[in-house]
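Reviewing the structure listed below.
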Amino acid sequence: MNGFGMFIFYIYPGAFVDLDNSLNDIAPRRRLRVYCAGVWHNCVLSIIACILIILLPQLLFPFYTVEHDKVIVQSQSKNSPLAVDTGILTGDVVTSIDGCSTNGFDRWYYCINETIFQPQAGSCLNERAVAILSHQEPDIDPEECCENAPEKSICYKQVNPNKSDQPLYSCMNARTVMSNWVCHHNNQCQNDEVCVKPYQNDGQHLMRITVERDEILHTIIYLGLPHDLYYFITITQYQPRFKWLSYTLPLYLLQQLQFFFQISTALGLVNIIPCYFLDGQHAFVSFFDEFVGEHHHHKPIICQTVLTLGTLLVVANAVSGLVHAFR
């Protein structure tokens, strides 16, 4: 042995050994064990990390409960439009989006997709209610709707086929309007009512998000893109047993274990590939000597061909990774 060394990458410890040529004097099977020692340890670390990932809910049981039928807000991005005093807060349990029950991760994503692809819901109001709630006279021009209107007022569109097919636009308080019966068409309302819908020509939706906070239900009215719920909110199923525990800790631990598993598996795979300057080079030669023969007359050309192809494979993957990383 000419020397050895150790290193730490982030939290990952590593080591290397510079072996001399005297190792070639021992039996091929013993050489193979030596050259595969690093790969074997990478596999063991991968298995340990995988087991810890599977057992993480049980390991965190004294500190966290796993709520499989709940969607808990773990955190939000700094620029989240929902992270306001009257919006969604860390620790909130989201119970529904526009009446769609979010009792689990699958339902959370399903309800967001429903909001994206379903037409905007409205509310049933009669003509007198529209006149009382409107901040100005209903108009046929949407551009003049809600000009100089109070905050939290939005433009609503209504069509009363009994009077005219010409749509009218009224500026009303969103929360007050949404307290009425939900509808998508006029035929879902009573005879003297029409279905008034928020008028937005930029893809935004007016959403009713119900959350549970301190065992009390709160209704949050949000005007924006449904995709915002995807992009700005991180959800979890871990509920801390103690107030001083962070909602982000379980995800942080899971990410570290996943990183540990991925890098251990990747190092093991890379090292065992028959490639020049890696353990795979010597491991392949030892493997060939053990199962084919040290004195096979085609050994040099076979080893050179396999090692060249393996090296090209590693280089191609490295280049591809760099291209995707800096694209």
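Structure values in brief
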{"read-out": "Complete set of residues in the range 235-259 that are surrounded by 16 or more Cβ atoms within 10 Å (Cβ to Cβ) and over 19 Å from the mean Cα position of the chain (by Cα)", "value": "P240"}
{"read-out": "Qualifying residues in the range 90-112 (those that are in contact (Cβ under 8 Å) with a residue 40 or more places away in the chain and of a type in the set (S, T, N, Q)) - the one surrounded by the most Cβ atoms within 10 Å (Cβ to Cβ)", "value": "S96"}
{"read-out": "Filter result for F260 (within 22 Å of N42 (Cβ to Cβ) and of a type outside the set (G, A, S))", "value": "yes"}
{"read-out": "Hits in the range 62-73 - residues which are under 18 Å from the mean Cα position of the chain (by Cα) and open to solvent by less than 10 Å² (accessible area, probe 1.4 Å)", "value": "V71, I72, V73"}
{"read-out": "Among the candidates T219, T210, T265, residue that is β-branched (V, I, T), more than 28 Å from A131 (Cα to Cα) and touching a strand residue (DSSP E or B) at 6+ places or on another chain (Cβ under 6 Å)", "value": "T210"}
{"read-out": "The one condition in (1) of a type outside the set (A, V, I, L, M, F, W, C); (2) in contact with a strand residue (DSSP E or B) (Cβ under 6 Å, 6 or more places away or on another chain); (3) surrounded by fewer than 13 Cβ atoms within 10 Å (Cβ to Cβ) that Y199 fails to fulfil", "value": "(3)"}
{"read-out": "Leading residue by the ranking (farthest from A129 (Cα to Cα)) among those in the range 146-183 that are at pLDDT 85 or above and surrounded by fewer than 17 Cβ atoms within 10 Å (Cβ to Cβ)", "value": "P167"}
{"read-out": "Residue that is nearest to R175 (Cα to Cα), among those in the range 220-234 that are among the hydroxyl-bearing types (S, T, Y) and open to solvent by less than 60 Å² (accessible area, probe 1.4 Å)", "value": "Y222"}
{"read-out": "Filter result (farther than 29 Å from E143 by Cβ, modelled with pLDDT under 90 and buried (at least 16 other Cβ atoms within 10 Å of the Cβ)) within the range 202-219", "value": "none"}
{"read-out": "Residue in the range 261-279 that is nearest to A316 (Cα to Cα), counting only those that are open to solvent by less than 40 Å² (accessible area, probe 1.4 Å) and under 27 Å from the mean Cα position of the chain (by Cα)", "value": "I263"}
{"read-out": "Pairs, first over 19 Å from F284 (Cβ atoms) in the range 308-327, second open to solvent by 70 Å² or more (accessible area, probe 1.4 Å) and charged (D, E, K, R), C-beta under 9 Å, six or more apart", "value": "none"}
{"read-out": "Flag for Y238 being closer than 30 Å to G104 by Cα and in contact (Cβ under 8 Å) with a residue 24 or more places away in the chain", "value": "yes"}
{"read-out": "Within the range 74-86, tally of residues that are surrounded by 15 or more Cβ atoms within 10 Å (Cβ to Cβ) and either under 21 Å from P240 (Cβ atoms) or polar (S, T, N, Q) (or both)", "value": "5"}
{"read-out": "Residue in the range 116-133 that is basic (K, R), open to solvent by 50 Å² or more (accessible area, probe 1.4 Å) and farther than 24 Å from V182 by Cβ present", "value": "no"}
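The values are calculated or read from the model by the stated rules, or taken from the named source; none is laboratory data. All values reported here derive from a predicted model rather than from experimental measurement. No Cβ is skipped: glycine too gets one built from the backbone with ideal geometry, and neighbour counts run over all protein chains shown. Please note that ligands, DNA and RNA were not included when accessible areas were found on the heavy atoms of the full protein model with its side chains. Shrake-Rupley method; radii C 1.70, N 1.55, O 1.52, S 1.80 Å.
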